[in-house]
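Here the structure comes first, spelled out in structure tokens, and everything after it is commentary.
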Amino acid sequence: MKATRAPHSGSEGLSVSVVVYRPDTEQLISTLAGLGAACDALHTSRPGLPVALYLVDNGGLPDIQAALAELSAHNVSCTIIAGHGNVGYGRGHNLAIERSTSRYHLVLNPDIDLARDALREALDFFDAHAEAGLITPWIGDEHGHQQFLCRRYPALLDLFVRGFLPEGLRRLFRHRLAHYEMRDQINARDIVWDPPIVSGCFMLFRTPVLKQLAGFDARYFLYFEDYDLSLRAHDVTRVVYTPAVRVLHHGGGAARKGSAHVRMFMASAYKFFNRFGWKWL
């Protein structure tokens, strides 16, 4: 007879933080719907597992009460954290991380659509690999093409080429960018242990690891907070790329979002390299 899992206590649960600032309403609703479906699939193998969503409103949260009610119907408790203003991406997530008492915590962007089995696959992987403390998934774009968001330590030239050059000129640096994006190791099949840097659009932690790291470094307002957290995570746990965990990402680069984002990108890059070391070429 196949064994079934016993119901879980609160300390065994999953918490999720989503930080929003003037979000695209349709995409946010899609993200929450995908989270609900993934939690349904998770509950088939882990009945009674508590799931808590912390929706952190940095400003401009639209009326999504219907979507939150739907999440509640999927046995996901929902808490809106608001009134603090736009404190930045990392500090926003930290407001939720401080409240979390779960075993696992998911840092999730509001422009991510989860595959239905994403959370189930991730927690099963954690069960099978006690040494893993941070999971990064296979990430696709809206067309289903893989995005290569695991990274080696960047040089300034890598960041400039990838973030600011037009497509035609980027082709001149394709071999360099392929190395930076770990295309020699990252694919749709193979588990890769200890990629140096992983994307903040989906970071699933064992919560004690995330608490030990004290969450994100609040000195980054936007950009590079995930680079910083990734590098620090290697000091206390193992990071793993797990392609059985799948998501779609609808985000874009800083240059495509306007001059204010370019300025924030450059300010955060300066803080990052000052902390971890400058690499020009």
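Read-outs: derived from the displayed coordinates by stated rules, not from any lab. On a predicted model such as this, the values are computed, not experimentally measured, just so you know. Cβ: placed from backbone, ideal geometry, glycine included. Neighbour counts: every protein chain shown.
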Rounded to whole Å and sorted largest first, what semi-axes of the equivalent ellipsoid does the C-alpha gyration tensor of the range 133-275 yield via the square root of 5 times each eigenvalue? 23, 20, 14
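Rank these for me by crowding, Y270, Y227, going from fewest to most other beta carbons within 10 Å.
Working: Y270 12, Y227 24.
Sorted ascending by nearby Cβ count, the order is Y270, Y227.
Within 10 Å of each residue's Cβ, count the other Cβ atoms and sort H43, H175, H143, H105 from fewest upward.
H143, H175, H43, H105
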Rounding to the nearest 10 and keeping the result within 0 to 90°, find how far the Cα-based axis of helix 89-99 lies from the longest principal axis of the chain. 30 degrees
Who wins for biggest fluctuation among I139, I112, I29 in a Gaussian network model of the chain, springs between alpha carbons below 10 Å? I29
Can you give me the angle between helix 259-276 and the longest principal axis of the chain, using Cα atoms only, in degrees from 0 to 90, rounded to the nearest 10? 90 degrees
Please check: in the Gaussian network model of the chain (C-alpha springs, under 10 Å), which one of G133, G251, G36 has the largest mean-square fluctuation. G251
Using just the C-alpha positions of the range 109-172 as equal point scatterers, what log10 of I(q)/I(0) does the Debye formula give at each q in 0.19, 0.21, 0.24, 0.26 1/Å? -0.94, -1.03, -1.14, -1.20
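Reported to two decimal places, what Rg/Rh ratio describes the range 210-273 when computed on Cα atoms with Rh from the Kirkwood expression?
1.03
Taking the inverse of the average 1/r across all pairs of different Cα atoms in the range 41-111, what Kirkwood radius in Å do you get?
13.4 Å
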From Cα pairs below 8 angstrom and at least 6 apart in sequence, can you work out the relative contact order of the chain, rounded to a whole percent? 23 percent
One quarter of the C-alpha convex hull surface, i.e. the mean projected area of the range 60-147 in nm², amounts to 7.8 nm²
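Can you work out D for the chain in µm² s⁻¹ from Stokes-Einstein, where Rh is the Kirkwood radius over C-alpha pairs, the temperature is 4 °C and the viscosity is 1.567 mPa s?
Translational diffusion coefficient: 67 µm²/s.
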How big, on average over all directions, is the shadow cast by the Cα convex hull of the range 1-141, in nm²? 9.0 nm²
The range 98-121 and the range 195-228: distance between their alpha carbon centers, rounded to Å: 14 Å
